[in-house]
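> Take a look at this one; I'll ask things after.
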Amino acid sequence: MSNELLWLIFMIADLSIAVIVFRLFGKRGLFMLIAANIIICNIQVLKTVQLFGLTATLGNILYGSIFFSTDVISEIYGKKDARTAVFIGFASLLLMTLYMQFSLLFTPAAEDFADQHLQALFGFMPRIALGSLIAYLVSQLHDVWAFHYWKDKTSGKHLWLRNNMSTLVSQALDSLIFCLIAFVGLYSTEVWLEILLTTYLFKLIVAIFDTPFIYIAKRIGEKKKVPLL
């Protein structure tokens, strides 16, 4: 199976899972999903792949769907809960980074086989995590603000507009900040620019593709099939 087909399948599956989690657990489920996604995508981003003839990092789908989750929370529950979701994600990534760095300090037993792999993955994690933490906080808080800005401007109409307008700019901020901190000096300028472009491009695809899913989520919320607590 090609990388491109796997990527498309994973995107559909991830957004579908987000809607199902919301249906079952409401905003608490989305809080959990944001915490899980921010941790997993910062591990996935260490792997580069070829997608549609371009060099890209993994993690773009899970990271892009975090914006979907915060937009759903913004739409159904309001700005305060959306900001809470942002800070839950921030705290989750911060704690994961600190805990894993602490675990790397332990001297492995003679028969240990995992330490070298953990060192390879999480030894580089502080730079990735720093870039992600700063980019995440700036872009997500901007996304929440922009979402409600466009909601006020359109008097609550045109959900597709505020969903996409808020995310398009927020994703650009996120991609630029993250790639500057995480990857400058690690790759050649040519590869770095390609990663920056593809990072934004693939997140943008997820943002556009999630539009019908946010309408489904809003319909679920309006029918009160989830607890609005």
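The values are calculated or read from the model by the stated rules, or taken from the named source; none is laboratory data. The shown structure was predicted, so the numbers you read here are calculated from the model rather than taken from an experiment. FYI the Cβ positions are ideal-geometry reconstructions off the backbone, even for glycines, and counts take in every protein chain you see. Areas reflect the complete protein model, heavy atoms only, side chains present, ligands, DNA and RNA absent. Shrake-Rupley method; radii C 1.70, N 1.55, O 1.52, S 1.80 Å.
> Among the residues that make up the range 155-162, is at least one of them on the phi > 0 side of the Ramachandran plot and among the hydroxyl-bearing types (Ser, Thr, Tyr)?
In the first step, residues of the range 155-162 are kept if they are on the phi > 0 side of the Ramachandran plot; the result is 155-156, 158.
So of that shortlist, the ones also among the hydroxyl-bearing types (Ser, Thr, Tyr) come out as 155.
There is at least one residue in the range 155-162 that is on the phi > 0 side of the Ramachandran plot and among the hydroxyl-bearing types (Ser, Thr, Tyr).
> Give me the residue from the range 172-197 that is surrounded by 15 or more Cβ atoms within 10 Å (Cβ to Cβ) and out of contact with any helix residue (DSSP H, G or I) (no Cβ under 8 Å at 6 or more places or on another chain) and, out of that set, modelled with the highest pLDDT.
LEU197
> Report yes if some residue within the range 20-35 is buried (at least 20 other Cβ atoms within 10 Å of the Cβ), basic (Lys, Arg), touching a helix residue (DSSP H, G or I) at 6+ places or on another chain (Cβ under 7 Å) and over 17 Å from ASP143 (Cα atoms); otherwise report no.
Yes, that holds for at least one residue.
> Hey, another quick one. Out of curiosity, is ILE39 closer than 25 Å to LEU193 by Cβ, at pLDDT below 95, part of a helix (DSSP H, G or I) and within 15 Å of the chain's Cα centre (by Cα)? Explain how you work it out, then say what you get.
Values: closer than 25 Å to LEU193 by Cβ: no; at pLDDT below 95: yes; part of a helix (DSSP H, G or I): yes; within 15 Å of the chain's Cα centre (by Cα): yes.
Spelling it out, it is not the case that ILE39 is closer than 25 Å to LEU193 by Cβ, at pLDDT below 95, part of a helix (DSSP H, G or I) and within 15 Å of the chain's Cα centre (by Cα).
> Can you name the residue in the range 58-81 that is over 9 Å from the mean Cα position of the chain (by Cα) and open to solvent by 10 Å² or more (accessible area, probe 1.4 Å) and, of all such residues, is nearest to LEU93 (Cα to Cα)?
LEU58
> Restricting attention to the range 15-27, which residues are under 17 Å from the mean Cα position of the chain (by Cα) and modelled with pLDDT of 95 or more?
Quick first cut of the range 15-27, residues under 17 Å from the mean Cα position of the chain (by Cα) only: 15-19, 21-22, 27.
Scanning the range 15-27 gives LEU15, SER16, ILE17, ALA18, VAL19, VAL21, PHE22.
> Here is a follow-up. I'm checking my understanding of the structure. Among residues of the range 137-151 that are within 16 Å of the chain's Cα centre (by Cα) and of a type in the set (A, V, I, L, M), which one is least open to solvent (accessible area, probe 1.4 Å)? If you could, list the steps in order and put the result at the bottom.
Quick first cut of the range 137-151, residues within 16 Å of the chain's Cα centre (by Cα) only: 137-144.
Remaining after also requiring of a type in the set (A, V, I, L, M): 137-138, 141, 144.
Numbers: LEU137: 46, VAL138: 66, LEU141: 58, VAL144: 1 Å².
Looking at the filtered set, the residue picked out is VAL144.
> Can you work out which of the residues in the range 42-57 that are part of a loop (DSSP other than H, G, I, E, B) and modelled with pLDDT of 85 or more is nearest to the chain's Cα centre (by Cα)? Don't jump to the end; show me each part of the working.
Let us first name the residues in the range 42-57 that are part of a loop (DSSP other than H, G, I, E, B), namely 45-47, 52-53.
Then drop every residue that is not modelled with pLDDT of 85 or more, which leaves 47, 52.
Numbers: LYS47: 16, PHE52: 21 Å.
Out of the qualifying residues, it is LYS47.
> Can I ask one more? Have a look at ILE12, ILE43 and point out the one that is open to solvent by 20 Å² or more (accessible area, probe 1.4 Å) and under 19 Å from ASP210 (Cβ atoms). Before the answer, list the steps.
On the way: ILE43 fails: under 19 Å from ASP210 (Cβ atoms).
From the options ILE12, ILE43, the qualifying one is ILE12.
> Look through the range 97-154, keep the residues that are among the β-branched types (Val, Ile, Thr) and not in a helix (DSSP H, G or I), and return whichever of them is nearest to ASN60 (Cα to Cα).
Of the range 97-154, the ones among the β-branched types (Val, Ile, Thr) are 97, 107, 128, 134, 138, 144, 154.
If we keep only those that are not in a helix (DSSP H, G or I) too, we end up with 107, 154.
On the way: THR107: 34, THR154: 29 Å.
Filtering the range 97-154 for residues that are among the β-branched types (Val, Ile, Thr) and not in a helix (DSSP H, G or I), the one nearest to ASN60 (Cα to Cα) comes out as THR154.
> Just checking, does the range 158-169 include any residue being of a type in the set (Lys, Arg) and farther than 28 Å from LYS47 by Cα?
As a first pass, look at the range 158-169 and keep what is of a type in the set (Lys, Arg): 162.
Applying the additional criterion that residues be farther than 28 Å from LYS47 by Cα yields 162.
Yes, the range 158-169 contains a residue that is of a type in the set (Lys, Arg) and farther than 28 Å from LYS47 by Cα.
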